[in-house]
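These notes concern the structure reproduced below.
FYI, it's all coordinate maths here, none of it is from the lab. Since this is a predicted model, take the numbers as computed values, not measurements. FYI the Cβ positions are ideal-geometry reconstructions off the backbone, even for glycines, and counts take in every protein chain you see.
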Amino acid sequence: MGHDEASLEALAMAAKEGLATSVVFAPATAVSETVAGMGQPLPPEIEIVDVGSEEAAALEAVRSVHSGAATMLMKGMLKTSVFQKAILDRETGLRTGRVLSHVAVVHAPLQDRLVAISDGGMVIRPDADELCQIIENAAWVMSGLGCSEPLAALLAAVEVENEKMPETVLFAEVVRRGVPGVQVQGPLAVDGAVDPEAAAIKHISGPVAGRANILIVPDIACGNIFAKAFMYMTDTEVGGLIAGASAPVVMLSRSDSPRTKLNSLALGVVMGGRR
């Protein structure tokens, strides 16, 4: 359902920059109306498959990726629930048996580094097992972007266990378990996680303090608010995808800008090709 102007602009830019060709599963008449309003034709690298409903478009697109005809999936103008249902279809979906989690990648200007935020899109309130997989998924994305040392901070309001703050107890358990190949520390507040000076002032030591490139939140609400605050209250570059599926899945908000859609598409291309 990528028949909206922002999606088509992003796909056209991706074609122009040599990032990707694309197939849009959507009502052909809706695509034509949008293109007419844009005032320029779509590049030949964009193919249109005429599909009449959200459900049919989602299923056909997922089947295309499942069969290998396409290498990644990108959400357009359809409800997240419809999109997720097609992804999780037991016959033609993109299940792997792993937890699926959303990873938003943002450029943090003050630290001048890429930082992953997870999970603000899939797991409502993860337990310890799910958190470990969410961390692994985020580390997979950051490693694909060239990060040699994944450093995961488990974010809370304080840096100590507090029974009145259940997330701090949960995070302490995850740290005790450990995640292979990832340095994990928490609970940590955001300042102590990303800023070396703040960590030093607060006397926070450890491998992640002040250096985190993966920020793990306690629930979907925190992750969604955190990532969208970057998007709508700063001019920071943002992109995101769902990790843990059998192929990269770009799950965007219908209100996202063409630039954010292009960033997310580029992230999916990198992860799909590991380049």
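Where the only charges are on Cβ atoms (+1 Lys, Arg; -1 Asp, Glu), what is the dipole of the range 102-232 about its Cα centre, to the nearest 20 debye?
On the way: 8 positive and 16 negative charges, 39 e Å.
Roughly 180 debye for the range 102-232.
Considering all projection directions equally, how large on average is the shadow of the alpha-carbon convex hull of the chain, in square nanometres? List each step's numbers first, then the result.
On the way: hull surface 58.0 nm².
With every direction weighted equally, the projected area is 14.5 nm².
In nm, what is the difference between 0.36 nm times the number of residues separating GLU161 and THR80 and their Cα-Cα distance?
25.7 nm
What do you get for the angle between helix 258-273 and the principal long axis of the chain? Use alpha-carbon atoms, 0 to 90 degrees, nearest ten.
Helix 258-273 sits at roughly 80 degrees to that axis.
Using only DSSP helix segments of four residues or longer, with each worth -39500 (n - 2.57), what per-residue ellipticity at 222 nm results for the chain after dividing by its residue count and rounding to 500?
Using -39500 (n - 2.57) per qualifying helix, the result is -12500 deg cm²/dmol.
With a ≥ b ≥ c the root eigenvalues of the C-alpha gyration tensor of the range 1-123, is it rounded (a/c under 1.5), prolate (a/b larger than b/c) or oblate?
Numbers: a/c = 1.91, a/b = 1.15, b/c = 1.66.
It comes out oblate by the Cα gyration axes.
Specify the angular offset, from 0 to 90 degrees and rounded to the nearest 10, of the alpha carbon long axis of helix 5-16 from the longest principal axis of the alpha carbons in the chain.
90 degrees
So which of LYS85/LYS164; LYS202/LYS228; LYS79/LYS228; LYS16/LYS75 end up more than 24 Å apart, counting from Cα to Cα? Can you show the working numbers first?
Details: LYS85/LYS164 36 Å; LYS202/LYS228 28 Å; LYS79/LYS228 18 Å; LYS16/LYS75 20 Å.
From the list (LYS85/LYS164; LYS202/LYS228; LYS79/LYS228; LYS16/LYS75), the Cα-Cα distance tops 24 Å for LYS85/LYS164; LYS202/LYS228.
Please determine, in degrees from 0 to 90 and to the nearest 10, the orientation of helix 128-144 with respect to the longest principal axis defined by the Cα atoms of the chain, where the helix direction is its Cα long axis.
Here the helix axis deviates by roughly 60 degrees.
Considering the dipole of the chain built from charges on the beta carbon (Lys and Arg +1, Asp and Glu -1) around the Cα centre, which of VAL51, VAL62, CYS222 is farthest to its positive end?
Value computed over the given set: VAL62.
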